[in-house]
Each structure stands twice: as structure tokens, then as C-alpha cells.
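Note sheet for the following structure.
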Amino acid sequence: MLAGSWLVAQLVAQGPITQYGRKPKADKGPRALGLVQLSPKGNKGRLTPIVVMMDGKFYDAGSYKATPVPMAVDFDIVYEGLRSGVSQGIFTITQPGQLNHVWIAEGTWLPAGAKAPEKGMKYSTPVIEDKDAPPVLHRAHEKADADSGPDKPEKDKSDKKDQPKPATSPAPPPSVASPPDTAKAPASSSSPAPSDDSYRPRLRRGKPESNPRLEPSKTSFEALADAERSQIVFIPAISDAGGPDPRPYTYDVKPAEEAIYRNKMFALAAAQLRGQAGAASKEKEAVPVRKKSSSRKSPGKSSAFSAPDFHDVSLRIFDLSNSNEPVLVLSAKTRPPAAGATGSIEEPKEITLIARTNLEGEVQKLFFAQTDSRHLDAAPRMELIDAVDADGDGRGELLFRRTFDGGSAYAIYRVTADGLWPLFEGTP
């Protein structure tokens, strides 16, 4: 009894025990993830479906529930475009179809903060102020001529009370044609009947309050596409009727701190390349080769590994779990050494390094891959798209496009304490 009381006292003194691990998923789906491609004009776009989560499991969105149109690209499905968890706008599907036997969807794009057009605004009936005259549809120049025509003075005289009304009405001028009988119908009958908007697909967030077929004006997109007018924009997008609200996944650092992280990632990438180069040289030494009589010395310590020269560098830093712990993703290319140094011309390497910091502030490797154009069959090219919440638990995952020698496909990885866990890996 005394020992049990002492154990309880120690636990109380230590305070609450920190629970490590992921919270249970509250969102069971359906939740669809796609990639929106915006043209330079911007009010139109195209969506490539990637994955659909249903009951906590992931399926290929290009074939899930295709009857015949897959669920993720059905008519009027609404997607919210997100960049690192920050809303960029709303994409509404208007026409699904196939491109090279792959399902895609055309649609309209409404940037964040832009106002959607009002219903029936395009088909409003013109208002006629003169109720005594028969309704006539005037064009702009005809209306100006009618206001200054010969019947204008007669109309002004007839409005006076002391002026006797003429026995016969004057004939209409030849410039104005008599209206047909159909123009005498009430103005309210020409307005279109409201469309049936009761159907709501389950894969939508329902952000817009107005018509789901959003058609933004030209000026609403110009503010978004001024800086990116010359290139096509790719934005990850999510459709979910009941998922969590998005939150940003960016990790804010100062320029000096980013330079420190960059140098640490370069050093870690160089160490990984050095280790792989040493493993490759050991494999070559294990293969028996017929020796030739030559005065050339065998490569040894004199052919030491030289530090790589990185270019086309991209460093993205995320806070995926809202814990102020940075996750770093480095993508770069290495220039091959000169042909005289190794005796052969090598392809430039493309590397992808993912790391996180430990308690001492040092970067710790979670994932490393390298490839070149000759080895895409064994090691695909890894292109980071962005951080997305694919499973709807409020935490971010990493979305990659993997390019093989026979095509490309998308993959989603969850960042764990010591590596990456694949949630979905598509096949080309």
C-alpha cells in the first residue's frame, strides 16, 4: 500500500505525461485530392484527380466509383485550392472527360476574396421607364436617336395641362418601326425560371454561398495572375463536405536562419552522396576484373570524394504538425566531375533529401534519394508538389510527383519520427 502511494505521488510530481503519436482520424471521407492546373488567362482550369479517401482508406481517384464518370471528377464538384494549407480559391467542375485515356475535369476558377457573380444577372430584362408607350427593345444608338427625334417636342407639349389634346395622334416617324405583338408581353415573363439547386454532391466544402457554377469576371483573376501570367500554375485542391478547416503548414524563418538550415542540408546531402559513392566503389572492387599491365595506379586514397556542387536548389521548410518543429525538404542537382577525374562522363544527379531537427538543433535524415536520366527505371525522380492534409486529420503530408522512365504518378507520404510512411503511391 505504501509503495503504491509513493508511485502515485511520483507521477503527480512529474506532471502530465506527453502523448506521442497521431490523433485518431475524425474525417472518414469521402475526401478527394486533386491538382488544379490554371492557364495564364486564369478563369478556366483543369483538374487532375489524385486520390480519394473513403473510410480511412485511399483509392485512385481516376477510377474510384467510375459509373462511368469517377466520383472525384463528377459534375459540379467543388474543390478548394490550397498552397501549404492556405486557401487560394475555388474550382468548380463543369465538364469531366478523358485525355490520353486518363480522367480529367475542366472547370471554372474563382480566386480567394473575389465575389461570385449574382444569379440571373446576365439575363435581366431591360427596364422601360415610359409606361404609356409600347415596349420597344432599343439598342444604344437607337435610344439616343429616339430621345432627340421629331416626337420629342410633341411629347413635351402633350404634358402641359392647358394644351388641348389633338383629335388624331400623329403617325410614327419612319425611323422607328412598329413593335410586334410579342413585345407587349409583361416583362416578368421573359426572366428565366430559377434552376434546381437542391442537389449537393458530397465531395464539396460548400464555401460559395451563390451558384455553384462559378464564373469569375476577368478582372477578378488579373490580381492573382499578374506575377504568374507567363507560366501555368499548379495548385493542390481538396474536396470534402465535412473535413477540418485548412491551416497553414509553412515554417517562418528569418533569412539568417534559412541560410544556416541550407548549409546544414548541403552538408548532410554531401555525406549521403559520399556514403553511396563509397558503397558503389566497394561493389566494383568485389567484381573480379582481369588486370592489364599498365603504369596507371589503381584508385585509392588519391581519388578522394570531392564535395559536390549543388545547383537548381529548392529548400522548403514546413511545420506539418503545428508543433514548431521544422521539416526540411531539399531538392537539387549536382554537377558531374570532369571527365579526366574519373575517366568517364557522368550524368548530373538529382537528389531529394528530407530531414527534421533533433533536440540539439541538428538536422536528422528521414529520406534520401538520387537518380539521373539513365536510372529512372530503378529510382524515380522525386518532385515535391506541396504539403497537403490528405487524410483530414489537421496535419500535413508531403505530396510528390514521381517520374519513371515510362511515365509519372503521384505519391503521398506521412512524416514520422524517423522516416516517411507511404499513404498512397500511384503507378504510371
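Nothing in this text is a laboratory measurement; each read-out follows from the coordinates by a stated rule. Just so it is clear, the structure is predicted and the values come from calculations on it, not from any experiment. Every residue, glycine as well, gets a Cβ built from its backbone with ideal geometry; the counts of neighbours run over all protein chains shown.
What to note about this one:
- In this calculation the C-beta distance from T427 to E360 is compared with R0 = 35 Å, giving a FRET efficiency of 0.30.
- Other-chain or far-sequence residues with amide H under 5 Å of A116's (modelled H): none
- Positive-end ranking of A411, F424, H375 along the dipole of the range 369-428, with charges on Cβ about the Cα centre, is headed by H375.
- Taking amide H positions as modeled 1.01 Å from N, with prolines and chain starts lacking one, the residues under 5 Å from Y410 and 5 or more places away or on another chain are R402, G426.
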